[in-house]
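Worksheet: one structure, shown below.
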Number of protein chains: 2
Amino acid sequence: MSLLAIGSMAFDALETPYGKTDKIIGGSCTYISLSACYFTPNVNVVAVVGEDFPQEYIDMLTAKGVNLDGLQIKEGEKSFFWSGRYHNNMNSRDTLVTELNVLGTFDPVIPELYQDCQYLMLGNLTPMVQIQAIERLRNRPKLIVMDTMNFWMDVALEDLKRVIKMVDVLCINDEEARQLSGEYSLRVAAKKIVEMGPKTLIIKKGEHGALLFQEEKMFYCPALPLEDVFDPTGAGDTFVGGFIGYLAKTEDLSFDNMKRAIVYGSAMASFCVEKFGTERMLTLTEAEVTGRVQEFADLAHFKI
Amino acid sequence: MSLLAIGSMAFDALETPYGKTDKIIGGSCTYISLSACYFTPNVNVVAVVGEDFPQEYIDMLTAKGVNLDGLQIKEGEKSFFWSGRYHNNMNSRDTLVTELNVLGTFDPVIPELYQDCQYLMLGNLTPMVQIQAIERLRNRPKLIVMDTMNFWMDVALEDLKRVIKMVDVLCINDEEARQLSGEYSLRVAAKKIVEMGPKTLIIKKGEHGALLFQEEKMFYCPALPLEDVFDPTGAGDTFVGGFIGYLAKTEDLSFDNMKRAIVYGSAMASFCVEKFGTERMLTLTEAEVTGRVQEFADLAHFKI
């Protein structure tokens, strides 16, 4: 089933304890697409870049089967650029540079071809742009998943609450869940957030795994402990891209299938962090993904 | 099979966002015994208290079937006392008072009756006292599990390394595993620590669960997200008490059974934090424990 991903496509410059990169391809929509396209051949993108965005990156995504009809290329303008430095523990980072550039005036135009998309993934963006994207679809998709971040809770909380009401699945990290709900207990936080609108809540906990909440049901997918984490950039987007990609492939929105989708998303994210930027996602084979998912299954398996 | 627990019995005064207590019973050996005695009727204690230690606490443990022949009561002296205040997130705390008292000169005398114990649990103590305890047993127990803390890594690292070499299972938290190994990745840390001697390593991650490592095998037991955590004091001791208690009951030291022991230990710890001090552990029923273990099984269960 076709999937529409809306988010940023950008340049990142990264520094981790393992090394540093020049400007490389990044952005939520890039990671989401690269992860989702592993599961479904029908990934459509709405994003905006400047004329500095290299054709080779566009060709690379197209070669992966990603449809870029909805990619706006702004002549005479520059792409969004983010630069960050990760600390030794990889759990915290400093933002060195944020240049919004074309993203500052992003108008999410939906190509006619995309109007029948049944799975909508809203990457982290200004909540108002996320609302526009939903409103511009003639028919409500079967499933809307959104990602966001604490920044929007600080500067655009009312808009954020509006869009949260419109979606089926909200995906945020543990600190964001605490900030949004005002509750420290994630279980209580989940109850409060689900009351804000989304039927399903995913709380990402990085190296500690991910939680899935729906009504009274709860699932905890631990993260696979890795020997080396080279670069955490894009892990959250890769996770949610795998989650929605798996659902679009299987077309089963039951809680049991969402649990599997969380495991596949976690497996994809565990690859993403093994190399810089998108590098690892480009070489991923089916056997690797199947093997990694089995590692996740073995990791938490026990019989009482 | 009989179990010998060596550790502290003490007074704690606790302050959490939910309230505060006067001096109540605490200490690693208290929590270990109360947890382990749920599984096996044969729990023997070696510990030391002052004459201020109330008979009602001794009677309470005895009523639970805990053998206190090895409890030394020092006349004219005072019991170990610790007072702490937890921060709002319950993950960090300030120590307000530490009075070693009788613990400062603890000489772990093993009663003759205890000499055939097959399961030895070394609660957090001076490493030298842990070594003495092991050396005073005529026959090596079938299984030796030890707990420790970062404090001993700072002030008695060489002694600590000696005792670590002598045990089968080391149980520490994630920060301690990182400090002991000098590695941030818990998977790499586990490899290095296992090379120090213990065949099996448990890394406790509090609200994020617990990891079990043995040779190339790895198991991740997520923690059950709770609505309220009233008081985390004793959770780690309750966890490890449940772990060794379950093993002593089942007499099966396979990796698969150790996984189950981790789940039972986690379930016991999840009760411990629901009320102040040892309160919740005193009222625990079999149906409650079975139900909680089932919740853990449901929490992480999925089929690929």
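All of the numbers you see were taken from the coordinates with simple rules; none came from a lab. What you are looking at is a predicted structure, and each value in this text was computed from that prediction instead of being measured. Methodologically, a virtual Cβ is constructed for each residue, glycine included, from the backbone with ideal geometry; neighbour enumeration extends over all protein chains shown.
Defining a contact as two alpha carbons under 8 Å apart and six or more residues distant in sequence, what relative contact order in percent does chain A show?
On the way: 641 pairs, mean separation 53.7, N = 304.
Reported relative contact order: 18 percent.
Read phi for every residue in region B:162-173 and hand back ³J(HN,Hα) as whole Hz from Karplus 6.51 cos²θ - 1.76 cosθ + 1.60, θ = phi - 60°, with x for Gly and Pro.
Per-residue couplings from phi come out as 5, 6, 4, 5, 8, 10, 8, 10, 9, 10, 9, 8 Hz.
In region A:80-144, what trypsin sites (Lys or Arg not before Pro) fall in a loop by DSSP, with at most 16 other Cβ atoms inside 10 Å? Show your work: numbers first, answer last.
Numbers: sites: A:ARG85, A:ARG93, A:ARG136, A:ARG138, A:LYS142; in loops: A:ARG136, A:ARG138, A:LYS142.
Answer by residue number: A:ARG136, A:ARG138, A:LYS142.
Of all DSSP beta bridges in the protein assembly as shown, what percent run antiparallel (nearest 5)? Mind dumping the intermediate values first?
On the way: 42 of 108 bridges.
Here the antiparallel bridges make up roughly 40 percent for the protein assembly as shown.
So what is the relative contact order for region B:66-128, in percent, with contacts set as C-alpha pairs under 8 Å and at least six apart? Numbers along the way, then the final one.
Details: 47 pairs, mean separation 18.0, N = 63.
About 29 percent, as a whole number.
Work out, step by step, the length gained on full extension between B:LEU226 and B:THR290: first 0.36 nm times the residue separation, then minus their alpha carbon distance; give nm to one decimal. Present the calculation step by step, with values, prior to reporting the outcome.
Working: separation 64, 0.36 × 64 = 23.04 nm, distance 1.68 nm.
Roughly 21.4 nm would be gained on extension.
Within region A:1-36, name every residue whose backbone N is under 19 Å away from a label modeled 7 Å from Cα of A:VAL155 along the Cβ vector.
Within reach of a label on A:VAL155, which here means backbone N under 19 Å from a point 7 Å along Cα→Cβ, region A:1-36 contributes A:7-13, A:27-29.
Taking θ as phi - 60°, what are the ³J(HN,Hα) couplings along region A:57-66 by the Karplus curve (6.51, -1.76, 1.60), each to the nearest whole Hz, with x for Gly and Pro?
6, 5, 5, 4, 5, 4, 4, 7, x, 7
Whose amide H sits under 5 Å from the amide H of B:PHE80, counting only residues 5 or more places off or on another chain, with H placed in the peptide plane?
Amide H to amide H, under 5 Å and 5 or more residues apart or across chains, B:PHE80 pairs with B:PHE11, B:GLY50, B:VAL102, B:LEU103.
Between A:GLU215 and A:THR283, what length in nm is gained on full extension when 0.36 nm per residue of separation is reduced by their alpha carbon distance? List each step's numbers first, then the result.
On the way: separation 68, 0.36 × 68 = 24.48 nm, distance 3.80 nm.
Taking 0.36 nm per residue and subtracting the Cα distance, the gain is 20.7 nm.
With chain B treated as a Gaussian network of Cα nodes joined by springs under 10 Å, which of B:GLN294, B:GLN118, B:GLN55 yields the largest mean-square fluctuation?
B:GLN55
Taking square-rooted eigenvalues a ≥ b ≥ c of the alpha carbon gyration tensor, is the protein assembly as shown rounded, prolate or oblate, where a/c under 1.5 means rounded and, failing that, a/b exceeding b/c means prolate? Spell out each step's value before the answer.
Details: a/c = 2.37, a/b = 2.21, b/c = 1.07.
It is prolate, given that a/c is not under 1.5 and a/b is the larger ratio.
Grab the DSSP H runs of chain A that are 4 residues or longer, score each as -39,500 (n - 2.57), total them, divide by all residues and round the 222 nm result to the nearest 500 deg cm²/dmol.
Numbers: 11 runs with 113 residues, N = 304.
Theoretical 222 nm ellipticity from helices: -11000 deg cm²/dmol.
As an exercise, use a Förster radius of 30 Å and the Cβ-Cβ distance of B:ALA63 and B:LYS23 to find the FRET efficiency, rounded to the nearest 0.05.
After rounding, the FRET efficiency stands at 0.90.
Averaged over its residues, how many other protein chain Cβ atoms are within 10 Å of peptide B:217-229's Cβ atoms? All intermediate terms of the calculation are to be shown ahead of the outcome.
Working: counts 2, 5, 6, 13, 5, 10, 3, 3, 11, 4, 6, 4, 2.
For peptide B:217-229, the averaged partner shielding equals 6.
What's the center-to-center distance, using Cα atoms, between region B:279-296 and region A:236-274 in Å?
33 Å
Beyond 23 Å between alpha-carbons counts as too far, so tell me which of B:LYS275/B:LYS303; A:LYS249/B:LYS205; B:LYS23/B:LYS64 fall in that bin.
Values: B:LYS275/B:LYS303 35 Å; A:LYS249/B:LYS205 35 Å; B:LYS23/B:LYS64 21 Å.
Going by Cα-Cα distance, B:LYS275/B:LYS303; A:LYS249/B:LYS205 fall outside the 23 Å limit.
What are the ³J(HN,Hα) couplings of region A:133-140, residue after residue, when phi is run through the Karplus curve with 6.51, -1.76, 1.60 and θ = phi - 60°? Round to Hz, x for glycine and proline.
Per-residue couplings from phi come out as 4, 5, 5, 8, 8, 5, 10, 5 Hz.
GluC sites (Glu not before Pro) within region B:225-304: which are DSSP loop residues with at most 14 other Cβ atoms inside 10 Å? Present the calculation step by step, with values, prior to reporting the outcome.
Details: sites: B:GLU227, B:GLU251, B:GLU274, B:GLU279, B:GLU286, B:GLU288, B:GLU295; in loops: B:GLU227, B:GLU251, B:GLU274.
Within region B:225-304, the qualifying GluC sites (Glu not before Pro) (loop, at most 14 other Cβ atoms within 10 Å) are B:GLU227, B:GLU251.
Which whole-number percent is the relative contact order of region A:161-265 (Cα, under 8 Å, 6+ apart)?
On the way: 138 pairs, mean separation 20.5, N = 105.
After rounding, I find 20 percent.
5 Å is the cut-off here: which amide hydrogens, built 1.01 Å from N in the peptide plane, fall below it relative to B:ALA210, excluding neighbours closer than 5 in sequence?
For B:ALA210, the qualifying residues are B:LYS205, B:CYS221, B:ALA223.
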